[in-house]
Every structure is written in structure tokens, then in C-alpha cells.
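Here the structure comes first, spelled out in C-alpha cells, and everything after it is commentary.
The values are calculated or read from the model by the stated rules, or taken from the named source; none is laboratory data. The structure displayed is predicted, hence computed values, not measured ones. Cβ sites come from the backbone with ideal geometry, for glycine too, and all protein chains shown count toward neighbours. Note: areas computed on protein heavy atoms with side chains; ligands, DNA, RNA excluded. Shrake-Rupley method; radii C 1.70, N 1.55, O 1.52, S 1.80 Å.
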Amino acid sequence: ADGNKFDRTGKDFDVLDRVVRVVLRNKPKSAVGVLADGDFKATAFLPNDFAFKKLTRNLVGNKAARTERRAAKALVKNVDVDTLEAVLLYHVVPGKP
């Protein structure tokens, strides 16, 4: 409902949106593109902002994950694009549900 703006709602996908865009900017032909393609049939178990904040705590440190904005920034700055891509693709199954 609030678009892809960082907020205090941990159940939406603002961090996911940012991470997908970063991966596609760095790897335009990445399979992550299916997440942005409305014509591709896939089942996606998408991690919400809360899950990404938890991932950030584990990979970068607790202080980095206090807000969605800090979590996204910390992930993009400290985690390589291949790892971010792997995290995203782990949550996608090609084909119908």
C-alpha cells in the first residue's frame, strides 16, 4: 500500500525491492529478473523487511539492521552481488505453484 518506501512496516518488501534493483543493475541478465517480470510464472517465497533485517544482523551486525534503510544500505555495501542474488533465487521456484 505504501509503495517501496522505507518505513516501519516489517511485513512489506521495501528492502527486497532495493536488493532486487541492485542485483539487476549489476547483473542485468540475472535470473533475479523473473521477480520483476509479470509474464514469467514462478512461485516466490519472498522475504519481507523483517527477514532482511534479520539477515543483515547475521551478516553485518546488529547496529546495521535497526531500520529498513540501514539494513538495505548495509547489505548493498557489505554483501557481494552474487550472494545477494543467491539469497533472492533461493526463494523462487520456476513454474506454476
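Worth a mention:
- The mean sequence separation of alpha-carbon pairs under 8 Å and at least six residues apart, normalised by the residue count of the chain, gives a relative contact order of 36 percent.
- Taking 0.36 nm per residue of sequence separation and removing the Cα-Cα distance, the Asn48/Asn62 pair yields an extension gain of 3.3 nm.
- Given Lys41/Lys73; Lys5/Lys54; Lys29/Lys53; Lys73/Lys96; Lys27/Lys96, the pairs whose alpha carbons are separated by over 23 Å: Lys41/Lys73; Lys29/Lys53; Lys73/Lys96; Lys27/Lys96
- Solvent-accessible heavy-atom area per residue, rounded to whole Å², over the chain at 1.4 Å: 66 Å²
- Positive-end extreme of charge dipole, the range 14-97 - chosen from Asn78, Gly38, Ala64 (charges on Cβ): Ala64
- Atom-type composition of the exposed protein surface of the range 12-97 places 55 percent of the accessible area on carbon and sulfur (1.4 angstrom probe).
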